[in-house]
Structure formats: structure tokens, C-alpha cells
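Visitor: Quick one: this structure, given as C-alpha cells, is what I'll be asking you about.
Derivation of every value follows stated rules applied to the coordinates shown; laboratory data play no part. From a predicted model like this one, the values you see are computed outputs, not experimental measurements.
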Amino acid sequence: MTSRPAPEQRLRDLALLRRVRDRIDREYAQPLDVEALARGVNMSAGHLSRQFRLAYGESPYAYLMTRRIERAMALLRRGDLGVTEVCFAVGCSSLGTFSTRFTELVGVPPSTYRAQATPVTAGIPPCLAKQVTRPIRNREARVARPHLA
């Protein structure tokens, strides 16, 4: 019985993880779950989640939600769709979950963002507006300040 050397296996796993990430980027508005993503690369859901977190610093679900929120921000900046329409357009099935995650990542509720974002990005080319307004992942994780005595 022969096994692959560890570096070769790691490179193979990274290539599969890139395929998963690319699929999430492409199909963010589709109903995706970790099990379906794992089947697509012949991994177990648990293994995919662990390896994805090691490679990208967050779970596949968190990455998917970040992509959805990023796209939602762009749609809300356009101003022609309401929050509920945007929620469903980016693939979320629950307005409550969408609003909660949006607020965690962006810092304000989607309705507030929609009202405030249009003037902020007016006159900025869309490619720069996307970069400047990209949601910060893990914003909800507070950094503990050292206690100085």
C-alpha cells in the first residue's frame, strides 16, 4: 500500500479547496450547503469544513455569506431594489438571517446602508466602490484590549 507524500496531498487538497471557493463565488445566489460543496470535490463535509477553515480562515458557510453580503451591498447601493428583494436576489431565504449577518459584517442594518450608501459612492467607479465598501470578515469578533495595571 502506497500513500502520497504529505506535500503532494496538501497541494491536491488546496486545489480542491480553490474549486470550492470558486464555486461559491460563481454560484453564491444558488442554494448551496456544505454537503453539496463537499460532494462536488469528493470530500466529507467535516473534512471540507476543517480544511477550508485552515486555508481561508473561515468556514465555507461564512465565506458564502460574506459573498452574499458583498453582492447585497452592491445591489443596495444601486438603490432600485428594496431590502427584501435584495435578500432573495443574493440567495438568502430568511430576511432575519440576512439582516442579522449584514449588520454583523457591515455594521449597520441593510435599510440604513441603502439610505446612506448611495451618496457615499456617487462618482466612484464601480470597481473602486466594490473594493472600498467590501465587508470586513469577522467584524463581529471583538478584539480584547490588554489590561494595563
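Visitor: What is the stretch 19-124's relative contact order, in percent, from Cα pairs under 8 angstrom and six or more apart in sequence? All intermediate terms of the calculation are to be shown ahead of the outcome.
Guide: Working: 94 pairs, mean separation 25.0, N = 106.
It comes to 24 percent, rounded to a whole number.
Visitor: Report the extension gain between Gln30 and Glu58 in nm, rounded to one decimal, defined as 0.36 nm multiplied by the number of residues separating them, less their alpha carbon distance.
Guide: Between Gln30 and Glu58, full extension yields 8.1 nm more.
Visitor: Can you compute log10 of I(q)/I(0) for the stretch 6-61 with the Debye formula, treating each Cα as one identical point scatterer, at q = 0.25, 0.29 Å⁻¹?
Guide: Debye output, listed in q order: -1.01, -1.33.
Visitor: So what is the relative contact order of the stretch 65-132, in percent, for Cα pairs below 8 Å that sit 6 or more residues apart?
Guide: Result for the stretch 65-132 is 34 percent.
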